[in-house]
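Asker: Shown below is the structure under consideration.
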Amino acid sequence: MRTFAADVTEGFLEITHNSFALIGLAVAFVVIALTARPDLRQAGEEQLMNWLQARQVEMLGMPIEPEASERATAVNPKDLPKEQAAVAFWLSKKYRVAPEPLSALVAEAYEIGTRAKIDPTLILAIMAIESSFNPFAESAVGAQGLMQVMTRVHTDKYQNFGGHFAAFDPVSNLRVGVKVLQECIARAGSLEGGLRFYVGAGNMADDGGYAAKVMAEHFRLRQVAGGRAVPFNPPPSLSTQAPVQSIPAAAPRTPAPAAVSDKVALLTPGL
């Protein structure tokens with residue numbers, strides 16, 4: 001019995017020793033192969049990650065997208081300069097929108113406003129009046145997105161953003177809207193005139209009070225940016241005497257008869 005037990009033990013140790021040796025050789029071979037072939041290593045890592053994600057989906061019952069946060073239009077308002085943060089928090093409270101996505105829009109408005117030489121608080125005021133910061137808003141005449149630009153009229157401007165569906169991407173809509181606003185101001189020769197063209201009332205006697213609403217909100221936002229305490233819902237009037245920002249035109253143009261093509265933005269006031 002002792003001899004039998006000794007033989008069994010010796011055989012087990014021999015097999016185990018040989019197995020460990022084979023495993024070690026296999027591991028060494030795999031390491032050498034992966035080192036020599038980075039493509040194999042990458043393929044193996046992708047397969048492993050796919051398997052792990054599939055297991056997570058099975059356990060959680062919903063898709064896993066680790067990069068989803070990178071697609072979100074949101075930043076920490078505390079990371080903004082003081083002036084921009086004040087504007088973002090004020091708009092967030094007034095329009096009941098989360099401060100994080102608003103902070104991203106405020107930062108973008110300040111950046112593109114600087115390049116376009118347009119006051120960023122004016123850009124934000126247009127978004128406020130047009131859509132109340134709803135990126136999926138659409139008017140009865142088809143104006144879409146934050147700045148309520150007529151997508152079918154300005155389809156060419158969305159080509160650099162991947163197509164007309166970019167109208168519902170907040171940043172893309174903001175950039176296209178600012179471009180349209182630039183063209184309107186240049187065409188009219190003044191800020192107020194540009195707003196009238198922007199809303200599609202450039203050749204009309206009345207814009208429905210649109211320019212007045214935008215200028216009033218613009219003035220309030222300038223006060224907020226300057227560090228003043230501004231009520232969230234002041235009377236919608238220009239009694240505050242908002243300063244007029246006029247942009248000189250090269251030469252005044254005689255208004256042409258109203259036509260559908262003249263309505264650059266065709267936005268619905270107070271959507």
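Asker: Just grab the label-to-label distance for residue 32 and residue 96, each label 7 Å out from Cα along the Cβ direction, in nm (one decimal).
Answerer: 7.0 nm
Asker: Multiply the residue gap between residue 232 and residue 50 by 0.36 nm, knock off their C-alpha separation, and tell me the result in nm, one decimal place. All intermediate terms of the calculation are to be shown ahead of the outcome.
Answerer: Numbers: separation 182, 0.36 × 182 = 65.52 nm, distance 4.92 nm.
Full-extension gain reported as 60.6 nm.
Asker: Under the Kirkwood approximation for Rh and a Cα-based Rg, what ratio Rg/Rh is obtained for the stretch 114-172?
Answerer: Values: Rg = 11.5 Å, Rh = 11.8 Å.
So for the stretch 114-172, dividing Rg by the Kirkwood Rh gives 0.97.
Asker: Where a Cα-Cα gap under 16 Å defines reach, which lysines qualify for residue 213, not counting those fewer than 8 residues away within the same chain?
Answerer: Within reach: 94.
Coordinate-derived values only; no laboratory data. Note that the structure is predicted; figures quoted are calculated from it, not measured. Please note: Cβ atoms are built from the backbone with ideal geometry, for glycine as well, and neighbour counts cover all protein chains shown.
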